[in-house]
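Take a look at the structure below.
The values are calculated or read from the model by the stated rules, or taken from the named source; none is laboratory data. Given the structure is predicted, the values throughout are model-derived calculations rather than measurements. Backbone-built Cβ (ideal geometry, glycine too); neighbour counts: all protein chains shown.
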Amino acid sequence: MEARAIQYTVRQSARKMRLVIDLIRGRAVPEADAILRFSKKRAAKQIHKVLKSAVANAQQAAQRQNEAFDADRLRVKYAVVNEGQTLKRFTAAAMGRATPILKRTSHVEIHVASDTVPTPAPQTAAAPATATNAQPKAKAKPKAKAKKKAAASKKKKTKTKKVSK
C-alpha cells in the first residue's frame with residue numbers, strides 16, 4: 001500500500017523546510033509524527049499537515065481495495081521539498097530607489113508505504129542450500145595476461161629493421 005500527499009505554494013523557503021524534512025525521511029510514521037509535533041521549527045507544522053494527509057490517503061486507498069490498514073506499519077518512503085514560485089515585491093529605499101523583496105514558496109511532497117517484511121521463499125527438499133553441499137569455486141588462472149605478453153614480445157621482434165650495407 002502506497003499513498004502520497006502534496007502541498008503546493010507553502011509560504012516558506014524550501015531551504016528552511018528541507019532542514020525539517022530531512023529529519024523524517026525514511027522513518028516510521030509514528031516516529032515522524034512525534035518528531036514533527038515537538039519540533040520548534042515553523043516548517044514542521046506544514047510538513048505535519050502533509051504527513052497526516054498522506055496517511056489519510058493511504059487509509060482511503062486501503063478501504064477502496066478492501067484491505068486491512070494499520071497506520072503504525074507505514075513508513076515515510078519519499079519526502080522532498082521543491083522550490084515554488086517566488087513572489088516579487090519591492091520596498092522603498094534611499095534617494096527614491098526601490099529594493100526587491102523575494103517572498104519564496106515551496107512544494108512539499110510525501111509518499112508513505114506499508115512496511116512489510118518480505119517472506120523468504122521456502123526451500124525445496126531436493127537440494128537444500130547448506131554449507132556442506134556448497135562447493136568452492138575454482139579460481140580462474142590469468143592466462144589472458146600471459147597471452148598478451150607473448151603477443152607483445154613477438155611484435156617487438158618483427159619490428160626490428162635490417163640495415164643493409
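If you go through the range 6-37 and keep only what is among the aliphatic types (A, V, I, L, M) and under 19 Å from residue 73 (Cα atoms), you end up with 23, 24, 28, 29, 32, 34, 35, 36. Filter the range 76-100 down to residues that are surrounded by 11 or more Cβ atoms within 10 Å (Cβ to Cβ) and among the hydrophobic types (A, V, I, L, M, F, W, C) and give me whichever is farthest from the chain's Cα centre (by Cα). Applying the filter and picking the extreme gives 87.
In the range 28-71, of all residues being outside any helix (DSSP H, G or I) and at pLDDT below 95, the one that is surrounded by the most Cβ atoms within 10 Å (Cβ to Cβ) corresponds to 69. Per the listing 18, 104, the residue uniquely under 21 Å from the mean Cα position of the chain (by Cα) and either of a type in the set (A, V, I, L, M) or surrounded by 15 or more Cβ atoms within 10 Å (Cβ to Cβ) (or both) is 18.
Pairs are defined by a Cβ separation below 7 Å, a sequence spacing of at least 6 or placement on different chains, a first member in the range 23-51 that is more than 17 Å from residue 3 (Cβ to Cβ), and a second member that is assigned to a strand (DSSP E or B); the pairs so defined are 46/7; 46/10; 46/108.
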